[in-house]
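Peer 1: Mind having a look at this structure? Questions to follow.
The values are calculated or read from the model by the stated rules, or taken from the named source; none is laboratory data. Computed from a prediction, not measured in an experiment: that's the story for all the values here. With ideal geometry, Cβ positions are generated from the backbone for all residues, glycine too; neighbour counts draw on all protein chains shown.
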Amino acid sequence: MTEKPEKWWEAPPEAAERVANNRRGFMEQFGDFEAVACEGMWLGSSPDGQYLGLQFDRPDGSIMRIALRWWDVEGFFTELAGAMEYMGQRQFALKEPEGKA
């Protein structure tokens, strides 16, 4: 049994550049993040455990539902963890200094 590294979601060195390019491309094509920010969300699984269900309440009042097959869930969470780490890094980098030590 091999141990997972602390940051299990990071791409291996040989794929790091490709993953970074994919994420940049996604951000560029996505458009206005604020305009489509959801007002709420729900997460659950199907009764048979074959699907992960996500439901998003959209700004216009409509609802968007997405179901991921069980074999895509690990990749989803890997991408989610990477995106959350990036968000934290950007928020920290943009935070105003609180004062001098």
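Peer 1: Would a scan of the stretch 37-54 turn up a residue that is at pLDDT below 85 and not in a helix (DSSP H, G or I)?
Peer 2: no
Peer 1: Within the stretch 4-22, is there a residue that is in a strand (DSSP E or B) and either in contact with a His (Cβ under 7 Å, 6 or more places away or on another chain) or farther than 19 Å from Met84 by Cβ (or both)? Please lay out each step first, then the result.
Peer 2: Narrowing the stretch 4-22 to residues in a strand (DSSP E or B): none.
No, there is no match, as no residue in the stretch 4-22 is in a strand (DSSP E or B) and either in contact with a His (Cβ under 7 Å, 6 or more places away or on another chain) or farther than 19 Å from Met84 by Cβ (or both).
Peer 1: Turning to a different aspect of this structure: Keeping to the stretch 77-97, report how many residues are closer than 13 Å to Glu10 by Cα and not β-branched (Val, Ile, Thr). Step through it out loud before you land on a result.
Peer 2: Filtering the stretch 77-97 for residues closer than 13 Å to Glu10 by Cα gives 77-86.
Adding the requirement that they be not β-branched (Val, Ile, Thr) leaves 77, 79-86.
Number satisfying all stated conditions: 9.
Peer 1: Pairs please, first residue from the stretch 46-61 and acidic (Asp, Glu), second anywhere and surrounded by 10 or more Cβ atoms within 10 Å (Cβ to Cβ) and not in a loop (DSSP other than H, G, I, E, B), Cβ atoms under 9 Å, 6+ apart in sequence or on different chains.
Peer 2: From residues that are acidic (Asp, Glu), the pairs are Asp57/Met41; Asp57/Trp42; Asp57/Ile63; Asp57/Met64.
Peer 1: Continuing with this model, one more query. Give the residue that is farthest from Met41 (Cα to Cα), with candidates limited to residues of the stretch 51-101 that are surrounded by 10 or more Cβ atoms within 10 Å (Cβ to Cβ) and of a type in the set (Ser, Thr, Tyr).
Peer 2: Top of the filtered list is Tyr86.
Peer 1: Moving to a separate point now. Enumerate the pairs (first residue in the stretch 15-36 and touching a residue at least 12 places away in the same chain (Cβ under 8 Å); second residue anywhere and assigned to a loop (DSSP other than H, G, I, E, B) and surrounded by 10 or more Cβ atoms within 10 Å (Cβ to Cβ)) with beta-carbon separation below 6 Å, excluding pairs fewer than 6 apart on the same chain, so at least 6 apart or on different chains.
Peer 2: Val19/Ala11
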